[in-house]
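Nothing in this text is a laboratory measurement; each read-out follows from the coordinates by a stated rule. What you see is a predicted model, and the numbers here were worked out from it, not measured in a lab. Note that each Cβ is placed from the backbone with ideal geometry, even for glycine, and that neighbours are counted across all protein chains shown.
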Amino acid sequence: AMANAASSSPGNDSTSLVPERFTRFDAHPGYQQLAMLRQGAEQLGLKDPFFKVHEGIAGATSVIQGQPCINFASYNYLGYSGDPRVNQAACEAVTRYGSSVSASRVVSGERPIHRELEHAIAKAYQVDDAVAFVSGHATNVSTLGYLLGPKDLVLHDEYIHNSSLVGAQLSGAKRMSFSHNDPDALDALLSRHRHQFERVIVVIEGLYSMDGDIPDLPRFIELKKRHQVWLMVDEAHSFGVMGDNGLGLHEYFAIDPRDVDIWMGTMSKTLSGCGGYIAGTKALVETLRYFAPGFLYSVGMPAQVAAPSLKVLALMQQEPERVEKLHSISRYFLQQAKKHGMDTGHSIGAAVVPIIVGSSPLAAHLSHTLLEQYHINVQPILYPAVPEKSARLRFFLAYDHTQAHIDQTLDALAKLLAQAQS
Ligand code: PMP
């Protein structure tokens, strides 16, 4: 009735004044950008490198459109996604609890498996408690968005993941970035700005997913103590990868996990499920459990999604040899790539190794040809995800990649690179 009243009153009819570009989705800048990208790919004779369909379990190998291939595009680092024991855990959980918990955990969505998973995560970090969100992205958005406010400051590595950026924006806090893995740059910013703000949080990652490098965590801890700020470490890619047992950066550096205020991680990589977690003190975790919007106003994690991660945490303790294998095959990849004279940037050779090729069209061409001619799947990372001159192929290693997989891949890539240069 209101709408009718508005449109029937003559002075209020502004329809003719609204340009079409504000009402049509195909006039949206995003759609236009996409059209340009597709046109560019077509001119180069390349297929769209995105949304490739894998037909089954994606690990060290996979099947893409009927074609078996060596796969370097999945973060199934310890090969637990697809493991029959992990599948079994998911099946038992769905049978017992049903496929949805049918409510936010705060209001009747709670199931025993939620706390079992959170206790297992807290135990891995030797901290008081943990809370599990249904999405890794939402974990960073909600945690930063809720904990900080307009009188606060978020200081982050320039390569921080989008989810932390969005969380910082949502919080209304002032946001500044420091150059990648540069504690001195952070120190300078803190010396200059700490006193202007109430709460200050420094956000870094445990293993950077575009570059395969890690922060000097002990230095960041020294700085966070000296300047009295919080330190948050996003372990999406480092949990399951770093440290002899895959327990992440605290194990790798042998530091006290309580020296990091907020441990964040995801269930979507090594833990072979879906979702994110925050681990830390009782006060931190309880606050988020009652107030973080992406937890409070979102459904509880389905049991068949929680169960695999709980199972993987147990399997990791029984099978540390998988972590050892991942480390040695990753080091092998890095060494061999360097032998071929390829640019691996700052990668330390732990599960993530980029090969920087210097232009987006070349990266797209290499990825396309590796898949079409050699049945090797690796994603190109193109501008604007990275600066144009550092466009790359980004390789995710898995514990069950073999030296033969790697030799075959690097030989093919070396040949294509030589052809591209001649
Ligand atoms: N943090 C980092 C560093 C990530 O790389 C990602 C995504 N891969 C996320 C958070 C978001 O996690 P998810 O994909 O599980 O939502």
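Sequence-distant contacts, meaning Cα pairs under 8 Å at least 6 residues apart, place the relative contact order of region 84-318 at 31 percent.
Put simply, the amide H of residue 177, placed in the peptide plane, has neighbours under 5 Å in 156, leaving out anything fewer than 5 places away on its chain.
The relative contact order of region 130-173 comes to 53 percent, based on Cα pairs under 8 Å that sit 6 or more residues apart. The relative contact order of the chain, computed from alpha carbon pairs under 8 Å that lie at least 6 residues apart in sequence, is 20 percent.
Listed values for region 185-192 are Karplus-derived 3J(HN,Hα) couplings in whole Hz (6.51 cos²θ - 1.76 cosθ + 1.60, θ = phi - 60°), namely 5, 5, 4, 4, 5, 5, 4, 6, and x replaces Gly and Pro.
Rounded to the nearest 20, the size of the Cβ-charge dipole of the chain about its Cα centre is 400 debye, with Lys and Arg at +1 and Asp and Glu at -1. Across 156, 54, 327, mean-square fluctuation computed from a Gaussian network of the chain (C-alpha pairs under 10 Å connected) peaks at 54. 3J(HN,Hα) couplings calculated from phi for region 266-272 with the Karplus curve 6.51 cos²θ - 1.76 cosθ + 1.60 (θ = phi - 60°) are, in sequence order, 10, 8, 8, 9, 3, 6, 6 Hz; Gly and Pro show x.
In deg cm²/dmol and to the nearest 500, what is the mean residue ellipticity at 222 nm of the chain if only DSSP H runs of at least 4 residues count, each as -39500 (n - 2.57), divided by the residue total?
About -13500 deg cm²/dmol.
A dipole drawn for the chain from +1 and -1 charges on Cβ atoms has a positive end, and of 176, 162, 197 the residue lying farthest that way is 197. With both residues required to sit in the chain, DSSP beta bridges show an antiparallel share near 55%. Evaluated with a Cβ-only charge set (Lys, Arg +1; Asp, Glu -1), region 84-318 carries a dipole of roughly 740 debye about its Cα centre, given to the nearest 20.
Across every pair of non-identical alpha carbons in region 162-274, the mean reciprocal distance, once inverted, gives a Kirkwood radius of 14.7 Å.
Amide H to amide H, with H built 1.01 Å from N, residue 205 comes under 5 Å of 234, counting only residues 5 or more places away or on other chains.
Placing unit charges on the Cβ atoms of the charged side chains and taking the dipole of the chain about its Cα centre, the candidate lying farthest along the positive direction among 240, 100, 229 is 100. Per residue, the Cα convex hull of the chain amounts to 195 Å³. Take the chain, connect every pair of alpha-carbon atoms lying under 10 Å apart with a spring to form a Gaussian network, then pick out the residue of 261, 128, 234 with the largest mean-square fluctuation. Among 261, 128, 234, the largest GNM mean-square fluctuation belongs to 128.
Taking 241, 107, 131 as the candidate residues, the one with maximal mean-square fluctuation in a Gaussian network model of the chain, Cα springs under 10 Å, is 107.
Sorted ascending by nearby beta carbons within 10 Å, beginning with the fewest, 69, 91 become 91, 69. Panel order for 252, 208, by other beta carbons found within 10 Å of each beta carbon, from fewest to most: 252, 208. Taking other Cβ atoms within 10 Å as a rough exposure proxy, 263, 230 sort from fewest to most as 230, 263. Each of the peptides 254-260, 70-76 was scored by the mean count of other Cβ atoms within 10 Å over its residues; in descending order, highest first, they stand as 70-76, 254-260.
Along region 320-327 the Karplus relation, 6.51 cos²θ - 1.76 cosθ + 1.60 evaluated at θ = phi - 60°, assigns HN-Hα couplings of x, 5, 5, 5, 4, 5, 4, 4 Hz to successive residues, with x for each Gly and Pro.
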